[in-house]
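The values are calculated or read from the model by the stated rules, or taken from the named source; none is laboratory data. Owing to the predicted nature of the structure, the values given are computational and were not obtained by experimental measurement. All Cβ positions, even for glycine, are placed from backbone atoms using ideal geometry, and neighbour counts span all protein chains on display. Surface accessibility is based on the protein's heavy atoms, side chains included, excluding ligands, DNA and RNA. Shrake-Rupley method; radii C 1.70, N 1.55, O 1.52, S 1.80 Å.
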Amino acid sequence: MSKSSKSKSSGNKQMEDNLAQFCGVTGASVKDAKRFLDKYKRVDIAMDAFYNDPAAMSVTARHQGVSSIPSTSKLNMLFDKYKDPDGEDITMEGTMQLCEDLGVNPDEDCVLYAIAFELKSPRMGEWNKKGWTEGWKNIGCDSIPTMKSAIYQLRDKLGSDSEYFQKVYNHTFDFARSPGQRSLPTETAQAFWATLIPHGLHGGALAHIHSTDDDDDDDMGEGEGWQDEHVQWWFDFLAEKGGKGISKDTWIMFTEFVRTIDSKFEKYDMEAAWPSTIDDFVEWAKAHLRSGAGT
């Protein structure tokens, strides 16, 4: 065999191996795998591009939904892999390993809160078998590759779907609260707000809702609404205010406040049933703007 023939044969074998790896991990069709590999050459880069392509992911998800039903036995095996060897549930150590396997940074990626909502996680870093099995089956997953695919869709839904965002957001308060506590420690609440609020703002789930004048026309004089920097203002205000923590009422209504407040904090009804903490923040923000610190 000539050198060119050997080289061609070796190249074909490498492509076959790459295709098998790509399809095995992502669940994509051979046609889609070849398209991404031809464009990106390296398997890891091609798979990253695939996972960031909503259209390709959607086609694969539909194909998987038609061709298979999530396996309870596979999910049980995965649960046993991550659960505490001395207990019945997955605890923090198993959660960290799961996040690593899924490619999720638990400190920065709020998609983990959507997973916690879907799997009915009772507390941070804890997952019981019933919630795990039923949750992943409802999502349509029974393996790490299919879970990775679902995570991209959950992340997008969390950022763009206002109703879904609020459901996840509401669950997060109970999920993050320590047993027996009625409020969230301020630092804990801030850690969740720091990822959830920007995600909702950028994806549209927390898009500004314009108020209307008496003639029902949009009031376009109120500015652009809540901005990214206002999250830090809120944190600065809470640090100055002090206090024991964040009540559930303040937590739940904060997203409505973010959706409706104008960028100058002028279109705010102090007589409405807002929590006093939000009332106080509006006065703080107005003073902050008058001082020139917010410009």
TODO: Please list, in chain and number order, the residues 5+ apart from residue 90 or on another chain whose amide H is under 5 Å from its amide H, with Hs placed from the backbone.
DONE: 84, 127
- [ ] Can you work out the accessible area per residue across the chain, with the rest of the protein chains kept in place, probe 1.4 Å, in square angstrom?
- [x] 54 Å²
Open item on the list: Computing the accessible area with a 1.4 Å probe over protein heavy atoms, can you report the carbon and sulfur percentage for the chain?
Closed with: 50 percent
Open item on the list: For residue 246, what residues show an amide H to amide H distance below 5 Å, using hydrogens built from the backbone and excluding near sequence neighbours?
Closed with: 184, 186
Task: Karplus-derived HN-Hα couplings along segment 108-116 (A = 6.51, B = -1.76, C = 1.60, θ = phi - 60°), whole Hz, x at Gly and Pro - done: 10, 10, 6, 4, 4, 6, 5, 5, 4
TODO: Report ³J(HN,Hα) in whole Hz for each residue of segment 33-43, in order, from the Karplus equation J = 6.51 cos²θ - 1.76 cosθ + 1.60 where θ = phi - 60°; Gly and Pro get x.
DONE: 4, 5, 5, 6, 5, 4, 7, 9, 6, 7, 4
Task: Per-selection metrics, the chain (Cα): Rg and Dmax in Å - done: 23.8, 88
TODO: Using a 10 Å cut-off on Cβ atoms, rank the peptides 171-182, 279-290 from the highest mean neighbour count down.
DONE: 279-290, 171-182
TODO: Order the following by accessible area, largest value first: 155, 259, 42. Probe radius 1.4 Å; ligands, DNA and RNA are ignored.
DONE: 42, 155, 259
Open item on the list: Mean-square fluctuation check for the chain, GNM, Cα pairs under 10 Å: which of 103, 204, 243 is largest?
Closed with: 243
Open item on the list: Just to be sure I understand the curve: with the Debye formula and one point per C-alpha of segment 88-127, what is log10 I(q)/I(0) at q = 0.16 Å⁻¹?
Closed with: -0.34
Open item on the list: Taking 8 Å as the Cα distance limit and 6 or more residues as the minimum spacing, I'd like the relative contact order of the chain as a percentage.
Closed with: 13 percent
Open item on the list: Filter 248/286; 34/167; 13/39; 31/74; 148/248 down to the pairs with a C-alpha to C-alpha distance above 29 Å, please.
Closed with: 34/167; 148/248
Task: Alpha-carbon radius of gyration plus Dmax, which is the widest Cα pair, for segment 72-160 in Å - done: 11.9, 40
